[in-house]
């Protein structure tokens, strides 16, 4: 998952085993709430996928985030409704977004007990295992911190 096109919102030098991977749709209100709760508090890799509604609009927003000069700022601005990419999506970015979508779809195809949704969060445990959380509700940030700490 570390090779997927994403926005890393973590201090430089954060070990890979301490970074949560979060699949999100830039139009998702629950993803927005998760970002608000986690930004600056939990190291995260935000992987955009257009899974809600019409994919073209979601892919344009995702491309705008990924290709921005400061991707974390673009992610925040998009969630705050303050901007997003308009126009055509380049072939390279379109291929990256397709790869993100395929990874997202394959996760749920391989785990039929999980119900697809965004955000989908993969939170590493200190022992190397990963906790999977689908959706976001207030308080989930505390649960994520507990998983990261090994509680």
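Considering region 39-62 alone, what residues qualify as being closer than 18 Å to residue 1 by Cα and either in a helix (DSSP H, G or I) or in contact with a strand residue (DSSP E or B) (Cβ under 9 Å, 6 or more places away or on another chain) (or both)?
42, 43, 44, 45, 46, 47, 48, 49, 51, 62
Take the residues in region 17-38 that are more than 14 Å from residue 133 (Cβ to Cβ) and in contact with a strand residue (DSSP E or B) (Cβ under 8 Å, 6 or more places away or on another chain), then tell me which one is surrounded by the most Cβ atoms within 10 Å (Cβ to Cβ).
Residue satisfying both the conditions and the ranking: 26.
Please state which of the following conditions residue 30 fails to meet, knowing it meets all the rest: (1) in contact (Cβ under 8 Å) with a residue 60 or more places away in the chain; (2) more than 20 Å from residue 145 (Cα to Cα); (3) assigned to a helix (DSSP H, G or I); (4) under 12 Å from the mean Cα position of the chain (by Cα).
Among (1) in contact (Cβ under 8 Å) with a residue 60 or more places away in the chain; (2) more than 20 Å from residue 145 (Cα to Cα); (3) assigned to a helix (DSSP H, G or I); (4) under 12 Å from the mean Cα position of the chain (by Cα), the lone unmet condition for residue 30 is (2).
If you scan region 36-63, which residues turn out to be in contact with a helix residue (DSSP H, G or I) (Cβ under 6 Å, 6 or more places away or on another chain) and free of Cβ contacts under 8 Å to residues at least 24 places away in the same chain?
None - no residue of region 36-63 is in contact with a helix residue (DSSP H, G or I) (Cβ under 6 Å, 6 or more places away or on another chain) and free of Cβ contacts under 8 Å to residues at least 24 places away in the same chain, so the list stays empty.
Does region 122-151 hold any residues that are touching a helix residue (DSSP H, G or I) at 6+ places or on another chain (Cβ under 7 Å) and not in a helix (DSSP H, G or I), and which are they?
Scanning region 122-151 gives 123, 124, 125, 131, 133, 135, 136.
Values in this text are rule-based calculations from the coordinates and carry no lab data. Every value quoted in this text rests on a predicted model; they were computed, and no experiment measured them. For neighbour counting, all protein chains shown are included, and Cβ atoms are generated from backbone atoms with ideal geometry for every residue, glycine included.
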